[in-house]
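Scroll down for the structure; my scribbles are underneath it.
The values are calculated or read from the model by the stated rules, or taken from the named source; none is laboratory data. Bear in mind that the values here come from a model prediction, so they are computed numbers and not experimental data. All Cβ positions, even for glycine, are placed from backbone atoms using ideal geometry, and neighbour counts span all protein chains on display.
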Amino acid sequence: MSAPKKGDLSSSEKELFEVITRGNVQEASRLLGCKDVRVNCLDEYGMTPLMHAAYKGKADMCKLLLQHGADVNCNEHEHGYTALMFAGLSGNTEIAWMMLDAGAETDVVNSVGRTAAQMAAFVGQHDCVTVINNFFSRARLDYYTKPQGLEKEPKLPPKLAGPLHKIIMSTNLNPVKMVLLVQENPLLAEVEALDKCRRVMELISEKCIKQQDMNEVLAMKMHYISCVLGKCASFLKDREDKLEGLIKSLLKGRDSDGFPVFQEKFIRECIRKFPYCDATLLQQLVRSIAPVEIGNDPTAMSVLTQAITGQVGFMDAEFCTTCGEKGAEKRCSICKMVIYCNPTCQKMHWFTHKKVCKKLQEQREKQEAESAKLRMKQSSEESKAVTEATESMEQLSVETNSDVTSSNAAAETSDATSIPDAEN
């Protein structure tokens, strides 16, 4: 079959584009089985069926097209857009993940020099930005599960690849969440396993810096994960309570306001230990964090998260106080100042939160009282202003009426003196 050309479509291919718009997967599957249908055919703008499906947010359709050999990196579009770029524009994280898993290149730019992540950020699809910036293919990790060169054993036992990849792909960098991921998998929660995983993370971080297309963001993330895994290993060696002690240390807040000082210091230390001192990202992180006193904003966690995941601020969503999971909705029933994603996280955090809960409640009530007082004052001032304006209008109306009466009287006098004498 001939190579696709823009706008050169058979009747069945035209029908395929229409079917994709309607989202009829069954009909699309039938058409893709026809001899005159090319899965990578191009419409008049250079868009493939996969691009259309990605832009329209049709995940099942994207999956079908990829199964039929759709080219995920085709960029014949008139402005150089790829399927991943269209997925980012759509805001569908499932499709963005699908494109990446199929081998979509993240550093390709369109006609105005923007990558898929930059385009997604431009239109406010920050969840897609996070998915793109945090993607690390399983194949790249599986490389370390095979002996290389003269090695008799691989650097990473194959059984650890799955659990470790789950941590790598997590977009939640909160250390408590990472420790919980380690804790929930018995294969990982062993000193020897953690040491091997930590070493692999360091190797990947080094490779990201030294490769031709240097990736400082990924290097920093791998380094950070290695620090968390190393801390887990040290607690398993020294503590009888295993990882529970580490979680409590990370959550413990200071008495004045509940701020987790140990967690802040730990994250700062992870950043400081990044071994590639000339990295631009490291210098940016240090400039953002170093002048900030512990307990003030921005926290090391927020700065690191924004740098690695691409999330812009934390204003559009609520995050669990315990594990940092996005979309938390449950508030402490007493102070209503801290948020959790589930009762488990609330219970986990209570040992330290109970020390400041009453104080936070008093602060909230004081703020609410001051806000109510301010609103009443503003309402009173507005009412006074309305009254004054009304009185001014009434006064103006009286003065205007008086002026009109005087004017009419003057006009009548003028008319009387101007009447001509009667003829004899």
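Observations, loosely collected:
- Residue within the range 304-327 that is of a type in the set (Val, Ile, Thr), outside the structural domain of Leu218 (by TED's automatic domain parsing) and modelled with pLDDT of 90 or more present: yes
- Selected residue (only one of Asp213, Asp195 is closer than 24 Å to Gln183 by Cα, surrounded by fewer than 17 Cβ atoms within 10 Å (Cβ to Cβ), charged (D, E, K, R) and more than 22 Å from the chain's Cα centre (by Cα)): Asp195
- Against the list (1) more than 16 Å from Ala83 (Cα to Cα); (2) touching a residue at least 12 places away in the same chain (Cβ under 8 Å); (3) surrounded by fewer than 20 Cβ atoms within 10 Å (Cβ to Cβ), the condition Tyr45 fails is (1).
- Inter-residue pairs, beta-carbon under 8 Å, first free of Cβ contacts under 8 Å to residues at least 12 places away in the same chain and in the same structural domain as Phe266 (by TED's automatic domain parsing) and in the range 162-182, second part of a helix (DSSP H, G or I) and surrounded by 18 or more Cβ atoms within 10 Å (Cβ to Cβ), 6+ apart: none
- Residue among Leu250, Leu243 that is surrounded by 16 or more Cβ atoms within 10 Å (Cβ to Cβ), in contact with a Pro (Cβ under 9 Å, 6 or more places away or on another chain) and under 19 Å from Ser226 (Cβ atoms): Leu250
- Residues of the range 99-121 satisfying the condition of being among the small types (Gly, Ala, Ser) and not in a helix (DSSP H, G or I): Ala102, Gly103, Ala104, Ser111, Gly113
- Answer from Ala53, Ala59 - the residue that is of a type outside the set (Ser, Thr, Tyr) and within 23 Å of Arg114 (Cβ to Cβ): Ala53
- Condition met for Lys221 (assigned by TED's automatic domain parsing to the domain that holds Leu281, under 27 Å from Asp107 (Cβ atoms) and part of a helix (DSSP H, G or I)): yes
- Here the helices (runs of 4 or more DSSP H) wholly within the range 1-98 that include at least 3 residues being over 22 Å from Asn133 (Cβ atoms) are 11-22, 25-32, 49-55, 59-67.
- Any hit, the range 115-123, residues being in contact with a helix residue (DSSP H, G or I) (Cβ under 9 Å, 6 or more places away or on another chain), of a type in the set (Val, Ile, Thr) and exposed (fewer than 14 other Cβ atoms within 10 Å of the Cβ): yes
- Subset of the range 33-59 (residues that are more than 29 Å from Ser111 (Cα to Cα) and either basic (Lys, Arg) or at pLDDT 95 or above (or both)): Lys35
- For Leu251, the requirement of being modelled with pLDDT of 95 or more and closer than 28 Å to Leu160 by Cβ is met.
- Residue in the range 231-254 that is among the β-branched types (Val, Ile, Thr), more than 27 Å from Phe135 (Cβ to Cβ) and not in a loop (DSSP other than H, G, I, E, B) present: yes
- Condition check for Leu236: within 30 Å of Gln361 (Cα to Cα) and of a type outside the set (Asp, Glu): no
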